[in-house]
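The values are calculated or read from the model by the stated rules, or taken from the named source; none is laboratory data. Bear in mind the structure is a predicted one, so any value in this text is a computation, not a measurement. Heads up, the Cβs are rebuilt from the backbone with ideal geometry, glycines too, and the neighbour counts pull from every protein chain shown.
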Amino acid sequence: LTSGVEQLGDMIAQASSIVPFTGAGISTESGIPDFRSPGGLWSRNQPIPFDEFVARQDARDEAWRRRFAMEHTFAKAKPGRGHRALASLYRVGKVPAVITQNIDNLHQMSGFAEPDVVELHGNTTYARCIGCGKRHELDWVREWFHRTGHAPHCTACDEPVKTATVSFGQSMPPQAMRRATELAQHCDLFIAIGSSLVVWPAAGFPMLAKECGAKLVIINNEPTEQDEIADLVIRHDIGETLGPFVGN
Ligand code: NAD
């Protein structure tokens, strides 16, 4: 680990534009289970695809039941050492923005300005109407859900309301995809952190950065799909690896 952290420190010192790309692994220290961890909600439940959410009331009810079962986990989560290290590099101007697959809002909480968190898969800490796009707060959804036992409908257009996340089968947010593409193309160091790099199209960004000339670092405690194209692989705990960069 020491030599990995030293090498990473040198690469960070030499880089002028560093783009971090984060997955669920950066948030496990904050108490949010990743996709694969045994017993985690995600591993026990098959995800509900977008077309089912649209088509069936029982699927929408189940989606909101699952969200509120996780409520405590999301509500009490605080940024971990990984989030804080990236926020430190952002504050000193080394990191222009973070690209994330996470939906937990922890990069914003760690100090990134809202527009500099490029959320590829949306955000679960608020909701949107799938018809008109109107934003709804979770307090309002919770009240509706507990009063009626059902998923809510939009007050503006009566279409179903869903967490502001991107479900399987739902289209990717175009603005986030554009910004992530530009960031990957123009950085000189790209660091993939806590992602198994299997969910596409998100998993294309490390490769794109590499093709455009950036150095690629992968930090993950198990092998990923793209280890062989990386310049440095640190197969270790994220909090321990990035802890030394907090507060720089
Ligand atoms: P993933 O679960 O497929 O991969 C996470 C990786 O992180 C795994 O390889 C795991 O071994 C590693 N990891 C976990 N804790 C670690 C630690 N402390 N140190 C080092 N490595 C660690 O996650 P993914 O690639 O992000 O894809 C999962 C999808 O599910 C994403 O699209 C995301 O939207 C969603 N998701 C989000 C959250 C969140 O917002 N926190 C949580 C679970 C799933």
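Just a few scattered comments:
- Verdict on Pro223 being assigned to a loop (DSSP other than H, G, I, E, B), within 16 Å of the ligand (Cβ to nearest atom), out of contact with any helix residue (DSSP H, G or I) (no Cβ under 6 Å at 6 or more places or on another chain) and closer than 20 Å to Ile26 by Cβ: yes
- The residues of the range 96-110 that are of a type in the set (A, V, I, L, M, F, W, C) and closer than 16 Å to Pro206 by Cβ, listed by number, are Ala97, Val98, Ile99.
- Qualifying residue in the range 171-181 (condition: more than 11 Å from the ligand (Cβ to nearest atom), part of a strand (DSSP E or B) and either β-branched (Val, Ile, Thr) or surrounded by fewer than 19 Cβ atoms within 10 Å (Cβ to Cβ) (or both)): no
- The single residue among Ala151, Ala156, Ala127, Ala85 that is at negative phi, buried (at least 21 other Cβ atoms within 10 Å of the Cβ), over 18 Å from the mean Cα position of the chain (by Cα) and at pLDDT 95 or above turns out to be Ala151.
- Options Ala113, Ala69; residue that is away from the ligand (no atom under 13 Å from the Cβ), modelled with pLDDT under 95 and surrounded by fewer than 18 Cβ atoms within 10 Å (Cβ to Cβ): Ala69
- Filter pass, Asn105 being of a type outside the set (Phe, Trp, Tyr), within 11 Å of the ligand (Cβ to nearest atom) and under 21 Å from the mean Cα position of the chain (by Cα): yes
- Where a residue in the range 43-70 is closer than 21 Å to Met172 by Cα and its partner, wherever it lies, is surrounded by fewer than 17 Cβ atoms within 10 Å (Cβ to Cβ), with Cβ under 6 Å and at least six apart: Pro47/Phe168; Pro49/Phe168; Pro49/Gly169; Phe50/Gly169; Asp51/Gly169
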